[in-house]
Structure formats: C-alpha cells, structure tokens
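Chemist: This structure is in structure tokens; I'll ask about it shortly.
The values are calculated or read from the model by the stated rules, or taken from the named source; none is laboratory data. This structure is a prediction, so every number in the text was calculated from the model and none was measured. Counting neighbours? That spans all protein chains shown, and the Cβs are built from the backbone with ideal geometry, glycine included. Please note that ligands, DNA and RNA were not included when accessible areas were found on the heavy atoms of the full protein model with its side chains. Shrake-Rupley method; radii C 1.70, N 1.55, O 1.52, S 1.80 Å.
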Amino acid sequence: MNINKYIAFTSILMLGSLNIIAQTPKVSRTLEEALRADRVNSTSYRIYAGQNMQGNYFIGKTVETIDYSKPFSFAKDSIVAVEENERLYFASILAGDTILISERLIPLEGPSNFRDIGGVKTKDGKQVKWGQFYRADALGSIQEDEFPYIESLKISKVYDLRSDEEIATSKDNLPASIRWIHHPIFNGDNSAQMNAVMQKIKTGDMTAEDSRNLLITANKEFINSNLDAFKVLVRELLDNEEPSLFHCTAGKDRTGLTSALLLSVLGVDKETVINEYLMTNYYTLPKMARKKDPKMAAAFANIDPQVMLPLMSVDRSYLEAAFTEIEKQYGDMDKFIREGLEISDAERKGYQMKYTY
C-alpha cells in the first residue's frame, strides 16, 4: 500500500475512533519554557514561572503594543483577567533578557491541536515571532461563535494539506476573511486500500510495532517522494508576511514535518524542533480520552488500543526518521535547506531577521 495514502487513512480513522484510547498514557510538556501563558478559561490566563523566578511582566494586545510603563509583579502561577476570548501577549525582563510569551494552544471547542509555534527559542538565543505561524488539525468542527476570536488572530491564509477525499468528509469551517488554499501533500482515491488495512486492524493482524514502522516509513517518504510539495509550502509560508496557518486532518504528520522544516529554517535546533513536535501528544491525547462516541465504541470494541495508539499519536522516532533521511541525502540540515528546500543562505538570514526577535 502506498504509505502516503496510509497516512491519509489513519488521519480519517483518527477522527472516528478517538474513544478507543480510554486509558491515555500520561503525557507531559516536552517544550521547555522559562515562562508560559496558558488559558484557564475564556476570561483568564495563568502565567507559569519557572522555579525561583521572580520579576515583572508587561501586557499588550500585540507584541508591538506591550506597555512597558506598567509593570505587574508575578508570583508562581499568576492569574491574569482578560476580556472574553481576548488574546494577550506578555513580556518579562529577566537578567537583561526580554522573554515574550502568549498562549500556545488556541482555545477552540473542536480542534485539539490548533497552536502557535511562536516563542520557540532559536540557537542564537532569539525567539520565533508569535502570531505568525499556526499549525492545526482539521478545522471543520470550528463553531461560528468562535469566528471573532479566530479573526482576531489576523490569519490571512489557511493551507489545507489534506487530500480531496479527506476534505470531502469534513470541509474547513472558516471566517470569510480567511483565504483557503488547497495544498495537498499527496492526493488520490484510496478507499479500497483503506478498507483492506482496516480489515487487517480489526482481525488483529497488525501489531503495535507494525503501526510504528508505518509512520517511520511515512516520514522517510515525505523526504523521498513528497519533498516538492513541502518545498513549495515552506516557501509560501515564509513569503507571506501576514499570519498563516497550515493543517492536515490530525495535525501531526504532514503538519508536524511542515512545522519542523519551518522552525529549522528559522534557526531552531533539532532537539527543540522535536520537542515542539511531541507537544501534539500533550494537547491531543487527553482530549481524545474525554471524547465519547457510543457507535464508534462498538465498532472498535475488539481492536487493541496499543495497535491504534502509535497511529494516533507522535513519537520522536517518526520525525527522527525524516531527519535521518535528510542527513543521509544532504549531510546536514543546513545543506538540505540550501539544496532540498532551495532557500539560499541570504534568503534564510532574511527570513530569520523577519520572523525572530
């Protein structure tokens, strides 16, 4: 079976069988941040400070409008009140270094993996610009009463990486102000192959190791067979000066590699890129376990969750497989960016100046 089509299949399957992970393995944050802001509810944030960190923070509705004339002292886990669904940005000056933070996860009822990849540290000590690049899972479950919040993010374009078949099952629901762009990483009808694999899963002929190996192979194939699609996408995201979003169905494989390539171009080291990639588990697995679907529960009652879990989550070995393929073919990431993504050193430096601070 074409491995790219299998990724599309598992993404569709993920939407229908969230309930099978009844006992989600414990997951924790993988992206280390000295300060972070998480939304508690629609009218408040909690600012988390690292151990023994003391100082002031400053608030703005954008990074550019942060008011440094009004300092607020933070203690551990400070609560900040906001207007309904208002997004804020925070700055803190510690040891002469300004740290900029905002909420990473965008708080929507439906999507579980809609997040800002800003704030990530680069190798030279800077941060990726907040509010510029967003990644997500399928957006068909967005409610219209959430449109004002999405519009406040100023997203100009949404790049949908799914196939025609995936889109047919769940079209994006977006404000009219956002331009939707179909940019499939792979395409084609694969219903017969999907059914064959589904039967293999149901009959117990697939093991957890088989599932993991499928995704490891898929990430290798992203570099071997789908590089042109990623190359065009990364270039368009970097050339679009307005905020943009990219997503697939689960927001973890095609979206995960896109995020990894973007962050690598902007000078983020490999381990931090992997840690950002692994945050998918932190955001999605607990939400999967909370969802209930009696019909799907019956359909998947006899399927081993340990076989499905590797298909519905991410593992560092998946992304490392893509990195290994890059190193095998190009030697290192820098050469891959120059020759594989066809971004010159001068262009890369320009992107870093534009999208980091």
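Chemist: On full extension of the chain, what length is gained from Glu144 through Met353, given 0.36 nm per residue of separation minus the C-alpha to C-alpha distance? Walk me through the numbers on the way to the answer.
Modeler: Working: separation 209, 0.36 × 209 = 75.24 nm, distance 3.61 nm.
Fully extending the segment from Glu144 to Met353 adds 71.6 nm.
Chemist: Looking at Phe90, Ile59, Pro71, which one has the Cα that reaches farthest to the positive end of the dipole of the stretch 59-99 (charges on Cβ: Lys, Arg +1; Asp, Glu -1)?
Modeler: Pro71
Chemist: Here's something else I'd like to know. Please report the net charge: other residues with Cβ closer than 10 Å to the Cβ of Ala138, K and R +1, D and E -1. Let's see the in-between values first.
Modeler: On the way: positive: Arg162, Lys171; negative: Asp137, Asp160, Glu166, Asp172.
Summing Lys and Arg as +1 and Asp and Glu as -1 gives -2.
Chemist: Let me ask you something else. So what are the ³J(HN,Hα) numbers for the stretch 226-237, from phi and the Karplus equation (6.51, -1.76, 1.60; θ = phi - 60°), rounded to whole Hz, Gly and Pro as x?
Modeler: 10, 4, 4, 5, 5, 4, 5, 4, 4, 4, 5, 4
Chemist: Can you work out the Karplus-derived ³J(HN,Hα) for every residue in the stretch 336-348? Use 6.51 cos²θ - 1.76 cosθ + 1.60 with θ = phi - 60°, whole Hz, and x for glycine or proline.
Modeler: For the stretch 336-348, the Karplus-derived couplings read 4, 5, 5, 9, x, 8, 6, 10, 5, 4, 5, 5, 4 Hz, x marking Gly and Pro.
Chemist: State the percentage of accessible surface on the stretch 297-357 attributable to carbon and sulfur atoms; use a 1.4 Å probe and exclude ligands, DNA and RNA.
Modeler: Values: 1410 of 2930 Å².
Within the stretch 297-357, the accessible surface is 48 percent carbon and sulfur.
Chemist: Can you give the accessible area of Glu347 in Å² (nearest 10), computed on protein heavy atoms with a 1.4 Å probe?
Modeler: 70 Å²
Chemist: Let me ask another. Net charge within 14 Å of Asn56 by Cβ-Cβ distance, Lys/Arg positive one each and Asp/Glu negative one each, not counting Asn56 itself? Mind dumping the intermediate values first?
Modeler: On the way: positive: Lys70; negative: Asp67, Asp97.
Net charge in that neighbourhood comes out at -1.
Chemist: Once you've got the Cα coordinates, tell me which of Lys171/Lys335; Lys26/Lys252; Lys123/Lys171 are over 30 Å apart.
Modeler: Working: Lys171/Lys335 37 Å; Lys26/Lys252 18 Å; Lys123/Lys171 38 Å.
Long pairs (Cα-Cα over 30 Å): Lys171/Lys335; Lys123/Lys171.
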